[in-house]
Structure formats: structure tokens, C-alpha cells
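*Asks:* My structure is below; once you've seen it, I'll send some questions.
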Amino acid sequence: MDRQPPRATSNAIDLYIRTYYSLLRSSGDVRVRAFEEAHVFSESSLHAGAQDEKPDVAAYAYAAARLPGCMSSVDRLILGQSSDQFQASGIDVSDWQVVTARGRRRPNRWSGGDTLAVYITSATDIDDLVPIITAYQIEWNKMRRALLQGPLGDKLAAGEVEDGPELNAALAEALGLDESDVEMLRPALGSAPLEVLGTIAARECDVSIRLLAGTLLEYRRATQRWWFGIESAYRKPKTPPRPVYFVSSNTHVLVNLLGGYARTHRDQILDFARAANPEGLADAVAGVVAKGDENELNNLSYYLLRQYLHAAEAPDELFEQVQAWDATCGLSTLTSPGHLDVNAQLVELGKLRPEHLDPRVRVPGLEALASSDAVIINIDYPLGMAAYHHLTQLAQGVAEIRGVYVMGKAATLNGRVGDVMLSTVAYDEHSENTYLFRNCFAAEDIAPYVRHGTVLDNQKALTVRGAFLQNHEYMSVFYREGYTVLEMEAGPYLSAIYEMVYPKRHPKNEVVHLSNLLPFEFGLIHYGSDTPYSKRQSLLSKSLSYFGMDSTYGCAVAIVRRILEQEIARQGG
């Protein structure tokens with residue numbers, strides 16, 4: 001008999017969530033310190049050192065990577081759903097600077113002073129952002145107290161310290177850290193570590209948050225504007241709507257595998273890397289070139305393409321050349337459609353040029369695609385419940401959907417960073433449903449394209465509301481039930497899929513069978529970016545972005561091959 005996993009919600013986590021939602025109902029600013037007690041006693045797995053006086057560098061690094069670099073200057077966050085909402089509240093952000101974070105693609109606008117405007121696209125943004133900023137503030141102030149107990153704090157505040165190995169040793173002594181902690185802290189301080197350390201020493205972090213009315217209706221309106229920004233590219237005049245393969249991944253994998261610009265210009269990109277040594281990768285370039293492994297060389301050129309473009313003498317002109325190249329291959333990129341920072345790409349399968357494809361995706365029968373009218377719509381995977389809103393809106397606007405393929409990062413409870421996990425069960429904290437589904441991918445589909453990780457299929461995923469909103473008490477119950485993949489999108493996507501095949505809204509707190517009901521195939525792939533039950537090390541906090549290319553492109557190759565094979569079969573190839 002099917003049964004739900006034990007409902008193991010921690011009372012402390014529930015209290016924390018209720019605390020910040022109740023306080024944020026206020027029409028004015030709410031100080032983050034009002035959340036601190038509930039945050040500390042929630043005993044978050046990602047903030048295990050919250051109650052200690054010693055700084056929890058891993059938690060600070062995780063939070064800092066998901067906040068923009070200007071955060072050290074910010075005292076006030078304003079959360080809104082649209083520019084109109086900001087404007088109606090008397091806040092004109094149209095001239096504010098666009099700022100980004102390494103670990104979140106959430107839209108931000110900075111006043112240049114002490115105020116940051118944050119666009120939220122679903123309730124998940126609140127569940128994600130509030131614990132992040134609370135952890136950031138707690139650890140900032142712990143570091144400040146430690147620095148001011150000795151002479152280093154006053155010297156930093158006065159700007160009397162120079163960067164170098166001596167600073168690392170002084171930080172380790174003042175903060176009670178070991179060498180590995182200091183190595184993790186330095187990237188978290190951004191591009192101007194001395195300036196940030198001086199600010200930490202000079203002033204207490206005391207951030208306030210104001211939430212402009214956050215309504216479900218406004219989330220839906222925002223997503224509708226997002227789709228309107230895509231629809232004009234999707235629909236062709238005087239032709240029927242085209243069949244769609246939907247992919248949720250990122251903005252670089254499909255265009256690199258299908259467009260071929262980076263691979264064709266690989267020699268120039270690698271020459272640039274040898275000379276400029278971006279991210280200290282010159283030695284890696286030399287090693288990969290010496291091995292002569294074509295797949296690794298391609299992955300390396302894909303990763304370096306962004307740095308190559310930005311370093312060009314005329315980057316705008318080079319970007320235009322790349323876009324023109326992509327257009328000849330049927331690829332177009334739609335940046336921030338509807339002013340939502342969820343980019344989309346449209347791939348017209350009938351216009352693909354086989355000679356430009358990555359060799360790993362050149363499946364037999366490619367010539368049959370010339371008669372295809374199908375398109376791939378790839379979106380930059382949204383966070384949490386935004387996934388539900390985006391897929392629901394897209395499904396209303398397109399004709400036939402021939403496949404839904406989701407690829408994203410996840411924490412793994414029993415694997416290692418870089419491992420690939422394929423789930424067939426997902427428990428969703430939002431709907432409290434357990435979804436059972438057939439994953440169109442098995443380990444054998446991906447393993448040939450992953451060199452450094454293990455591919456694990458038949459896994460069980462837990463879709464959480466926020467990265468900080470779990471503790472060991474909570475997770476141990478699910479772990480005993482075999483849930484080993486911790487992520488944020490599968491449940492919302494499955495809730496949207498349910499509403500695409502049933503004539504009603506998705507249920508609550510049920511076991512939902514989708515295995516034999518879908519009129520299209522569904523693929524769910526996660527690659528491990530965090531191991532929260534070990535040392536909570538992540539790709540972002542450790543700056544291991546290039547290391548992540550192996551699993552990222554291994555997963556993407558499997559998705560592209562699946563789509564091309566399906567469409568070739570439909571064309572009779």
C-alpha cells in the first residue's frame with residue numbers, strides 16, 4: 001500500500017517560517033534581528049555553527065555567494081514583484097544599478113547606497129532569501145566581535161592592513177579559524193576583501209526588510225508577462241503553433257552543444273586562456289591539451305567562452321557575432337523576457353546544422369530534422385515555486401508538448417559533489433504530495449558522458465522550501481525512508497505537470513501516480529553541488545565551477561540526444 005513518508009517537519013523550522021511570514025506582513029521595515037532567535041534555534045543543517053561564538057565560515061560563504069557584491073554596503077532590502085509595485089510604493093528603481101550574485105539569478109537593483117531592491121517571483125524567494133540574509137548578518141556580527149577583541153579589527157577599520165599571506169595568518173588567529181576556513185572565507189569577501197573586512201570591523205550589520213504586498217495573483221501576472229516576451233519568438237505568422245520540447249537547465253549548455261561557436265573557435269579561446277589565465281585555469285588548459293581528450297577540450301572551451309567574450313577589445317561586437325552565428329543554427333536567446341530574470345532560449349530543430357553539433361550529440365538520422373517544425377524552449381531554471389508558475393504559463397501558451405526535461409543542482413545525502421542522481425519519486429514540501437513517475441533517463445544514458453562522478457538512478461528526491469529550512473532531526477527521518485536528493489524544483493514542476501494531464505488543480509498531501517498517464521516523456525536529472533551531511537562544501541563556496549562542467553555537460557548531452565532521437569523518430573528518420 002502506498003504511504004506518505006512520516007511527516008517529520010521540525011517544530012523549530014515551522015516556528016521559524018511562521019515567525020518571518022507573520023512579521024513581514026507589516027507595512028513597514030522589519031529588522032532582520034527579529035528573525036535571528038528563531039533562525040538560531042531552528043538548528044539548520046547549513047548553519048550548524050549558528051549558536052557558536054566562532055564564525056561559521058561555511059554558512060557565511062554559502063550566504064554571501066547568493067547575495068550581490070554590494071551587500072556589504074546595504075542596510076535595507078525591499079522585496080517586490082514588479083516595477084509597477086515598486087513605483088506604486090514610491091520607490092523608483094528604474095535608474096538603479098543592476099547587480100547579480102554568483103549563486104542566485106534573482107533580479108536585484110541597487111540604489112548605489114544602502115538600499116537593495118529585490119524582485120521576487122514566488123513565495124520560494126522569501127523562504128530562500130530571509131534565512132540567507134539572516135545567516136549572513138549573524139556571521140558578519142560574529143566576525144566583527146572577534147576582530148574587535150584584538151588589534152586587527154581597528155587596523156582593518158582604519159585601512160592600515162595590506163593583503164597577503166600575513167593577513168591570512170592574522171585572520172586565522174583573530175577569528176579562531178584554520179587554514180581551510182580562511183581559504184573558504186576569502187572568496188566570500190568578494191573582489192575587494194580588505195574593503196569588506198574593514199566594513200565588517202567598522203560597523204555592525206543591522207539589515208531591515210520590507211515586503212511589498214506579495215500576492216499569488218501578482219506572481220501569476222509576472223509570469224504571464226514573461227511568457228508574452230517569449231510568445232512572439234515562438235509563434236510564426238500564418239502557421240500553426242509549433243510542438244515544443246521543454247527544457248529547464250541553464251543558458252549555456254544547449255547553445256554550446258547545438259550552436260558550435262565555442263568548439264569552432266576553440267583554438268582562439270584556449271590561446272586566450274593560456275595568456276590571461278582566467279580563474280587560474282592555465283595549468284588545467286595545459287593538462288587537458290596534453291591529454292588530447294576531445295570531450296574535455298570542448299567542455300573547457302564552453303566554460304571559457306564567457307571570459308573570452310568579456311575580455312575582447314570590442315565585447316559588444318563579439319557578442320553580436322556569436323548571436324548571429326547562433327541564429328544561423330536556429331538558436332535565439334531571449335534575455336529577461338517580461339522583465340523577469342528567467343532567460344529563455346528557442347531552438348528550431350529544422351534549422352540545426354549537423355556539422356556544428358558537438359560530436360556527442362550527433363545521433364544517427366540527423367538529416368530527417370530538416371523537415372521538423374518542432375522547437376526546444378529552454379529556460380534558465382527558476383527557483384522553487386517559480387518553476388510551477390513558469391511551466392503552467394508556458395503550457396497554456398504552446399501547442400503540443402512532446403517532452404519535459406529538468407536538469408539542476410541538488411544536495412546529495414549519500415553521494416559526492418559531481419555525482420548525477422536520477423529520481424523516480426519526489427516528495428514536495430509545498431504540496432505535501434509524494435509524486436511517483438517514470439524517469440525517461442537511466443544511468444546507462446548518462447554514464448558514458450560523465451568522467452569524474454557516479455551516475456545513480458532509482459533515487460528519491462525531497463523538494464524543500466529553502467536551503468536553510470532543514471535540520472538533522474528533520475532530514476534523518478527522510479533519509480531513513482531513502483530520500484537522498486535534496487533540491488528545490490522537482491515538486492513544483494510535477495505539480496504543474498499534474499495540472500497538464502488532470503482536469504483539476506494538483507491535490508494536497510496525497511500519493512500521486514504519474515507513471516503511466518503522461519502524454520509526453522518526463523526526465524529529471526540532478527547533479528550534486530553540495531553534501532550537507534559532511535562538510536557542507538559546495539561548488540560555489542569552493543569556486544569549483546570548472547569542475548562542475550563534467551557533470552553539467554554529461555547531463556545536457558543525454559537530454560539533447562534524447563530530444564533529437566525522439567524528433568528524428570517522429571519525422572520517420
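FYI, it's all coordinate maths here, none of it is from the lab. Small disclaimer: the values here were computed from a predicted structure and weren't measured. Quick reminder, even Gly has a Cβ in these numbers, built from the backbone with ideal geometry, and neighbours come from all protein chains shown.
*Asks:* Sort 155-165, 67-77, 382-392 for me by packing, meaning the mean count of neighbouring Cβ atoms within 10 Å per residue, highest on top.
*Replies:* 382-392, 67-77, 155-165
*Asks:* Summing -39500 (n - 2.57) over the DSSP H runs of n ≥ 4 in the chain and dividing by its residue number, what mean residue ellipticity at 222 nm do you reach, to the nearest 500 deg cm²/dmol? It would help to have the intermediate numbers written out before the result.
*Replies:* On the way: 21 runs with 243 residues, N = 573.
It comes out at -13000 deg cm²/dmol, rounded to the nearest 500.
*Asks:* Please determine, in degrees from 0 to 90 and to the nearest 10, the orientation of helix 315-328 with respect to the longest principal axis defined by the Cα atoms of the chain, where the helix direction is its Cα long axis.
*Replies:* Rounded to the nearest ten degrees, it is 30.
*Asks:* On a straight-distance basis, which lysines could pair with Lys236 in a cross-link, Cα separation under 21 angstrom, same-chain partners fewer than 8 positions away excluded?
*Replies:* Lys351
*Asks:* Taking region 261-328 on its own, what percent of its Cα-Cα pair distances exceed 18 Å? Walk me through the numbers on the way to the answer.
*Replies:* On the way: 760 of 2278 pairs.
So the pairs more than 18 Å apart make up 33 percent of the total in region 261-328.
*Asks:* Apply the Karplus parameterisation 6.51 cos²θ - 1.76 cosθ + 1.60, with θ equal to phi minus 60°, to every residue of region 119-135 and state each ³J(HN,Hα) to the nearest whole Hz, in sequence, with x for glycine and proline.
*Replies:* In residue order, the calculated couplings are 8, 10, 10, 6, 4, 4, 4, 5, 4, 7, 6, 4, x, 5, 5, 5, 4 Hz.
*Asks:* Further question on the same structure: Could you work out how far helix 549-570 tilts from the main Cα principal axis of the chain, as a 0 to 90 degree angle to the nearest 10?
*Replies:* Orientation of helix 549-570: about 30 degrees from the principal axis.
*Asks:* Report, by chain and number, residues whose modeled amide H sits under 5 Å from the one on Tyr435, excluding near sequence neighbours (fewer than 5 apart, same chain).
*Replies:* Ala426, Tyr427, Asp428, Val512
*Asks:* Which listed residue (Leu309, Ala282, His265) has the Cα farthest towards the positive end of the charge dipole for region 261-328, taking +1 on Lys and Arg C-beta and -1 on Asp and Glu C-beta about the Cα centre?
*Replies:* Highest projection toward the positive end goes to Ala282.
*Asks:* How large is the dipole of region 19-91 about the Cα centre if only Lys and Arg carry +1 and Asp and Glu carry -1, each at its Cβ, rounded to the nearest 20 debye?
*Replies:* 200 debye
*Asks:* Right, another one. Please list, by residue number, every one of the GluC sites (Glu not before Pro) in region 32-108 that is coil in DSSP and has at most 15 other beta-carbon atoms within 10 Å. Walk me through the intermediate numbers first.
*Replies:* Values: sites: Glu36, Glu37, Glu43, Glu53; in loops: Glu43, Glu53.
Answer in residue order: Glu53.
*Asks:* Just want to confirm a number: the relative contact order over the chain, from Cα pairs under 8 angstrom separated by 6+ residues, in percent. Walk me through the intermediate numbers first.
*Replies:* On the way: 1064 pairs, mean separation 104.2, N = 573.
About 18 percent, as a whole number.
*Asks:* Taking Cα atoms, how many degrees apart are the long axis of helix 193-202 and the longest axis of the chain, rounded to 10 and kept between 0 and 90?
*Replies:* Helix 193-202 sits at roughly 40 degrees to that axis.
*Asks:* If I take every Cα pair under 8 Å that is 6 or more residues apart in region 11-211, average their sequence separation and divide by the length, what percent do I get for the relative contact order? List each step's numbers first, then the result.
*Replies:* Numbers: 295 pairs, mean separation 62.5, N = 201.
31 percent.
*Asks:* Give me the orientation-averaged projected area of the Cα convex hull of region 444-510, in nm², one decimal.
*Replies:* Over every viewing direction, the Cα hull of region 444-510 projects on average to 6.8 nm².
*Asks:* Give the distance, in whole Å, between the Cα centre of region 358-374 and the Cα centre of region 402-421.
*Replies:* Centre-to-centre distance over Cα atoms comes out at 26 Å.
*Asks:* Could you tell me what % of all Cα pairs in region 48-164 have separations over 19 Å?
*Replies:* Working: 3685 of 6786 pairs.
Counting pairs separated by more than 19 Å, the tail of P(r) holds 54 percent.
*Asks:* In percent, how large is the relative contact order of region 261-328, given Cα pairs closer than 8 Å and 6 or more residues apart?
*Replies:* On the way: 40 pairs, mean separation 25.8, N = 68.
In percent, rounded to a whole number, it is 38.
*Asks:* Output the Kirkwood hydrodynamic radius of region 11-211, Cα pairs only, in Å rounded to one decimal. Let's see the in-between values first.
*Replies:* Values: mean 1/r = 0.0571 Å⁻¹.
Kirkwood hydrodynamic radius for region 11-211: 17.5 Å.
*Asks:* Measuring from label point to label point, each 7 Å out along Cα→Cβ, what is the Ala286 to Glu444 span in nm?
*Replies:* The modelled label-to-label distance comes out at 4.3 nm.
*Asks:* Given 0.36 nm per residue, what is the gain on full extension from Arg145 to Lys508 after removing their alpha carbon distance, in nm?
*Replies:* Numbers: separation 363, 0.36 × 363 = 130.68 nm, distance 4.62 nm.
Here the answer is 126.1 nm.
*Asks:* Based on the Cβ-Cβ distance from Glu160 to His472, what FRET efficiency comes out when R0 is 35 Å, to the nearest 0.05? Please report the intermediate quantities before stating the final value.
*Replies:* Details: r = 43 Å, r/R0 = 1.22.
Efficiency computed from Cβ-Cβ geometry: 0.25.
*Asks:* Something else: Just grab the label-to-label distance for Glu367 and Thr264, each label 7 Å out from Cα along the Cβ direction, in nm (one decimal).
*Replies:* In this crude label model, Glu367 to Thr264 measures out at 2.2 nm.
*Asks:* I've got another one for you. For Leu456, what residues show an amide H to amide H distance below 5 Å, using hydrogens built from the backbone and excluding near sequence neighbours?
*Replies:* Val420, Met421, Leu422
*Asks:* Then there is this: Report the far tail of the P(r) of the chain, meaning the percent of Cα-Cα pairs longer than 34 Å.
*Replies:* Working: 67744 of 163878 pairs.
Tail of P(r) above 34 Å: 41 percent of Cα pairs.
*Asks:* Among the lysines, which have Cα under 24 Å from the Cα of Lys155 when same-chain residues fewer than 8 positions away are ignored?
*Replies:* Answer for Lys155, where 24 Å is the Cα cut-off: Lys54, Lys142, listed by chain and number.
*Asks:* Would you please give the residues with an amide H less than 5 Å from that of Val30, counting only those at least 5 places away or on a separate chain, with H modeled from the backbone geometry?
*Replies:* Ile209, Arg210
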